[in-house]
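Chemist: There's a structure below that I have some questions on.
The values are calculated or read from the model by the stated rules, or taken from the named source; none is laboratory data. Predicted model, so just to flag it, every value in this text is computed and none were measured. Heads up, the Cβs are rebuilt from the backbone with ideal geometry, glycines too, and the neighbour counts pull from every protein chain shown.
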Amino acid sequence: MNDKIINNGLKFNHMDFQTRVIHVGNNIDKGTNAIKRPITMANSYKLPYDPSVLNWSGADENIYTRNGGSNQKYLEERIASLENAEDCIVLSSGVAALSGLFFSLLESGDHVIFSNVTYIAVYRLLNELFNKKFKVETSIVDTTNIENVKSEIKDNTKLIHIETPGNPTLSIVDISKISEIAHEKNILVSVDNTLASPYNQRPIELGADFSIESLTKYINGHGDSMGGSISGKSKHLDTIRKDSQINLGGTISPFNAWLIMRGSVTLPLRMEQHNKNALKVAKFLESLEIVTFVSYPGIESHKNHEIANKQMKNGFGGVLSFGLNTNHDKHNEFVSNLKIITSAVSLGHDESLIVFIGEDDERQYLYPKEFKNGFLRFSVGLEDSNDLINDIKQALNKTGLL
Ligand SMILES: *Cc1c(COP(=O)(O)O)cnc(C)c1O
């Protein structure tokens, strides 16, 4: 870990996650003695006597908030420490982090392997924009099968991008194995760690080069601000920072950085509750006859439960997917009958959210066969688990499915 991270004379590398998530990135405010650092909503910082000494596109000094604001820098210190990474960049959204990484690393003629199950913007960026417009070769691979990945590696393969657990099917990819085979060939590995959060899984400790988070999800945790992060080695991140933030303009607003900083303090407590609630709900759903399948890495019926067990330390997160043995309309009716659980995109909020992904979804061809009739992605929130289970029961009843 970065041993630059010192607050109040304390070095944090030997302290536990729970302590770091509270203290790293915070400090006594020098101006006021406030024990929380303030939000700095200023676009510009005072220039030195001779500004010609500055690099206008540099990130090291406070010049202009697009080059990096104070609140962003505090949050970067914290996320780097949670990911056990040398360095971190925080940007305006998870997608800004993903696109920043791809724009910075990839050139025409390079080849990228990416998981068949990823956040939709990864599919759009790599398979449509980079591939068609910038002549980057792409292979969509079922990365849960290591042999598939091995056989797809080419001389020009630059990056393997995986997502585990994968959104929306909760597929599990072996991070250490992928990193091992990639590094033998000098290929970089990026892992979208959003569904796990660094409390449950730390890709860099498992050998990956980059860990990407949508801070919008668990790290902020309250569903009220957007952000994204890329953690990794400084030698990569220095270039990514210049490209993605200063020149592409994906900088986070100071207010959002501050909100995420505040939300992140309770990450371990919230994840414990998400982990527990989701496991309980998954087991309940598995017991119902109308449920065709439940995909949750924490239950034994998950195809890669063993791998999840090995690489996810504290639990398996709050997101699961399941199928109902009924038609398209009845899925919508079931969702509309839920009273506590809300039909909305996003995940990792305090409140439970559910999305029906239909049998006609354009990416169905990439998913395992049990998903083909349509399915529900459920982000299990922090509510009482019995209330959630009762909500599902009453909605199934009202829809005539129980
Ligand atoms: C939501 C999400 C993203 C995108 O994050 P935004 O903050 O919405 O841009 C990326 N990856 C995964 C796995 C996500 O769930």
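Chemist: Name the one entry in ASN256, ASN275, ASN220 that is within 15 Å of the ligand (Cβ to nearest atom), in a helix (DSSP H, G or I), of a type outside the set (Phe, Trp, Tyr) and under 23 Å from ARG20 (Cα atoms).
Modeler: Within the list ASN256, ASN275, ASN220, the selection yields ASN256.
Chemist: Now for a separate question. So, ASN33, is that one within 26 Å of VAL265 (Cβ to Cβ), assigned by TED's automatic domain parsing to the domain that holds ASP238, at pLDDT below 95 and in a loop (DSSP other than H, G, I, E, B) or not?
Modeler: In short, no.
Chemist: Looking only at the stretch 103-134, count how many residues are touching a residue at least 40 places away in the same chain (Cβ under 8 Å) and under 20 Å from the mean Cα position of the chain (by Cα).
Modeler: Here the count works out to 14.
Chemist: Residues of the stretch 198-237 being surrounded by fewer than 24 Cβ atoms within 10 Å (Cβ to Cβ), of a type in the set (A, V, I, L, M, F, W, C) and touching a Leu at 6+ places or on another chain (Cβ under 8 Å), which ones?
Modeler: Result: MET226, single match.
Chemist: Checking VAL191 against (1) more than 16 Å from the ligand (Cβ to nearest atom); (2) not in a loop (DSSP other than H, G, I, E, B), which single condition isn't satisfied?
Modeler: Tallying (1) more than 16 Å from the ligand (Cβ to nearest atom); (2) not in a loop (DSSP other than H, G, I, E, B), VAL191 fails exactly one: (1).
Chemist: Does ASP60 meet the test of being under 14 Å from GLN245 (Cβ atoms), more than 16 Å from the ligand (Cβ to nearest atom) and either crowded, with 22+ Cβ neighbours inside 10 Å or assigned by TED's automatic domain parsing to the domain that holds ASP238 (or both)?
Modeler: yes
Chemist: Does ASN275 satisfy the condition of being within 17 Å of the chain's Cα centre (by Cα), in contact (Cβ under 8 Å) with a residue 60 or more places away in the chain and assigned by TED's automatic domain parsing to the domain that holds SER321?
Modeler: yes
Chemist: Hey, could you check the stretch 336-349 for residues that are more than 16 Å from the ligand (Cβ to nearest atom) and assigned to a loop (DSSP other than H, G, I, E, B) and say which is surrounded by the fewest Cβ atoms within 10 Å (Cβ to Cβ)?
Modeler: Once the filter is applied, the top-ranked residue is LYS339.
Chemist: Let me ask you something else. For SER352, which of the numbered conditions (1) touching a His at 6+ places or on another chain (Cβ under 7 Å); (2) within 22 Å of ASN193 (Cα to Cα) fails to hold?
Modeler: (1)
Chemist: I'd like the full set of residues that are touching a residue at least 60 places away in the same chain (Cβ under 8 Å), over 18 Å from PHE316 (Cα atoms), among the aliphatic types (A, V, I, L, M) and buried (at least 21 other Cβ atoms within 10 Å of the Cβ), limited to the stretch 257-272.
Modeler: Scanning the stretch 257-272 gives ALA257, ILE260, MET261.
Chemist: Taking the stretch 369-393 as the search range and keeping residues that are without any contact (Cβ under 8 Å) to a residue 24 or more places away in the chain and of a type in the set (Lys, Arg), which one is nearest to TYR218 (Cα to Cα)?
Modeler: Ranking the qualifying residues of the stretch 369-393, first place goes to LYS393.
Chemist: Restricting the search to the stretch 331-383, which residues are β-branched (Val, Ile, Thr) and touching a strand residue (DSSP E or B) at 6+ places or on another chain (Cβ under 8 Å)?
Modeler: VAL335, ILE341, THR342, VAL345, ILE354, VAL355, ILE357, VAL380
Chemist: I've got another one for you. Filter the stretch 287-335 for residues that are more than 28 Å from the chain's Cα centre (by Cα) and outside any loop (DSSP other than H, G, I, E, B) and give the result.
Modeler: Result: HIS328, ASP329, LYS330, GLU333, PHE334.
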